[in-house]
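Each reported figure results from applying straightforward, stated rules to the coordinates on display, with no laboratory input. Predicted, not measured: the structure shown is a model, and the values here were computed from it. FYI the Cβ positions are ideal-geometry reconstructions off the backbone, even for glycines, and counts take in every protein chain you see.
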Amino acid sequence: MDETNVVFTRNRANNKKSVETIEINDELMTIQSRTGGSVVMNFYGTESEIKNILNFFEGMNEVEPLKVNIAGIWGC
């Protein structure tokens, strides 16, 4: 992983065989923390890059785990 990339990993249907990962250049996104512990992420890029990002997050529900690796540090 390049240190300038943010890696998102999701586990669809809680099955190790269905683990998906997307790596996004940190220059194509902003991260803002909000009160109450929520985080807002905005993504920028070409139409194909944004479609790829949307496809990754499509169908997620609020109880599905999403791991985020920012600069080599994993968080949930």
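One table, with the values for the structure above:
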item	result
Difference of contour (0.36 nm per residue) and Cα-Cα distance, Ser38 to Ala71	9.9 nm
Over the range 5-75: Kirkwood hydrodynamic radius from C-alpha pairwise inverse distances, Å	13.1 Å
Long-range amide H partners of Val6 with built H, under 5 Å	Ile24, Asn25, Asp26
Point-to-point label distance, Asn25-Ile50, nm (Cα→Cβ direction, 7 Å offset)	1.7 nm
The range 5-75, dipole about Cα centre (Lys/Arg Cβ +1, Asp/Glu Cβ -1), debye to the nearest 20	340 debye
